[in-house]
Amino acid sequence: MEDKEFSSINVIPLVDIMLVLLTIVLTTATFIVQGAIPVSLPKGGSTTQTTIKSLELVLTKEGKVLYSGKEVSFKELEEILKNLHPSTHINLYADKHASVQSLVSLIDLLKKYGFERLSIRTEALR
């Protein structure tokens, strides 16, 4: 019996495994970045990135307000805002299909307690 020299390595199975792992990582990363609550953000011309820790509020297209991922009423949100310092930075994620009245009511509630550091999050124009 002759001993054959080992001259090459078949890397196709390794590439297949790496592609599957890459697909899993990219799918998971996309889900984590966008979060569990789908909100369709409006487009905006000027965008800046903020790295400050802040309070995040979500206004859905149905007019529901979410605080820390939980749906809260305006009364519950008012109780939460009473206990926060007015210099707290607030990021507002409002769905572009939400009624203007819901957005105005939410902004009025924030102004009532002196919150002036408000950012309405948008997607960049492409």
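The values are calculated or read from the model by the stated rules, or taken from the named source; none is laboratory data. It should be emphasised that the depicted structure is a prediction, and the values quoted were computed from it without experimental measurement. Cβ placement follows ideal geometry from the backbone for every residue including glycine, while neighbour counts extend to all protein chains displayed.
Return only the number of the condition from (1) surrounded by 12 or more Cβ atoms within 10 Å (Cβ to Cβ); (2) farther than 18 Å from residue 80 by Cβ; (3) at pLDDT 80 or above that residue 62 does not satisfy.
(1)
Find the residue count for the range 74-97, including only residues that are assigned to a loop (DSSP other than H, G, I, E, B) and within 26 Å of residue 44 (Cβ to Cβ).
8
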